[in-house]
1. Keeping all protein chains in place and using 1.4 angstrom, which order do 81, 118 fall into by accessible surface area, from largest down?
2. Considering only protein heavy atoms and a probe of 1.4 Å, how much of the accessible area of the chain is carbon and sulfur, as a whole percent?
3. For the chain, what does -39500 (n - 2.57) per DSSP helix run (n ≥ 4), summed and divided by total residues, give at 222 nm, in deg cm²/dmol to the nearest 500?
4. In debye, nearest 20: dipole of the chain around its Cα centre with unit charges on the Cβ of K, R (+) and D, E (-)?
5. Over the chain, with the other protein chains present, what is the accessible area per residue in square angstrom, probe 1.4 angstrom?
6. Would you tell me the accessible area of residue 50, worked out with a 1.4 angstrom probe on the heavy atoms of the protein chains, in Å² to the nearest 10?
7. Only Cα pairs under 8 Å and at least 6 apart count here; give the relative contact order of the chain as a rounded whole percent.
8. What is the local net charge at residue 42, summed over the other residues whose Cβ is closer than 11 Å to its Cβ (Lys, Arg +1; Asp, Glu -1)?
Amino acid sequence: SFIGEESVAAGEASILTDNPTWIIDPIDGTTNFVHRFPFVAVSIAFVVNKKIEFGIVYSCVEDKMYTARKGKGAFCNGQKLQVSGQEDITKSLLVTELGSNRDPETVKIILSNMERLLSIPIHG
């Protein structure tokens, strides 16, 4: 099977099944792309039984290829990536994105979640 982000965004129905499925977003960061903000990528995932087996994200502007495979780790241009060892949230940097859905109920939920996150005494 195949699921394309742009076709789903255009209103086409798409159901993730247990079948092997490619999920592709050829312009991940469409809003950034439209506004010439340089953070866009090509994102591809392969899913079996509704579980991601591997994923690839190519950041075109930065010329960075991120890859990950279930049980094998994540890499950037072949270099192994690992999460920070930071365990104290007050010394952590929180990064988020609000999404593009402007449905009033969705915006209300997102802002409520943001309020909860911003009440945590994070570093930045």
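1. Working: 81 75, 118 120 Å².
From most exposed to least exposed: 118, 81.
2. Numbers: 5750 of 9600 Å².
Whole-percent figure for carbon plus sulfur exposure: 60.
3. Numbers: 3 runs with 25 residues, N = 124.
Helix-only estimate at 222 nm: -5500 deg cm²/dmol.
4. Details: 12 positive and 15 negative charges, 81 e Å.
For this selection, approximately 380 debye.
5. Per residue, the chain has an accessible area of 77 Å².
6. 120 Å²
7. Numbers: 172 pairs, mean separation 17.3, N = 124.
The value is 14 percent.
8. Working: positive: none; negative: 5, 25, 28.
So the surrounding residues net to -3.
The values are calculated or read from the model by the stated rules, or taken from the named source; none is laboratory data. The structure presented is a predicted model; accordingly, all values stated were derived computationally and were not measured. Note that we place each Cβ from the backbone using ideal geometry, even for glycine, and neighbour counts take in every protein chain shown. Surface accessibility is based on the protein's heavy atoms, side chains included, excluding ligands, DNA and RNA. Shrake-Rupley method; radii C 1.70, N 1.55, O 1.52, S 1.80 Å.
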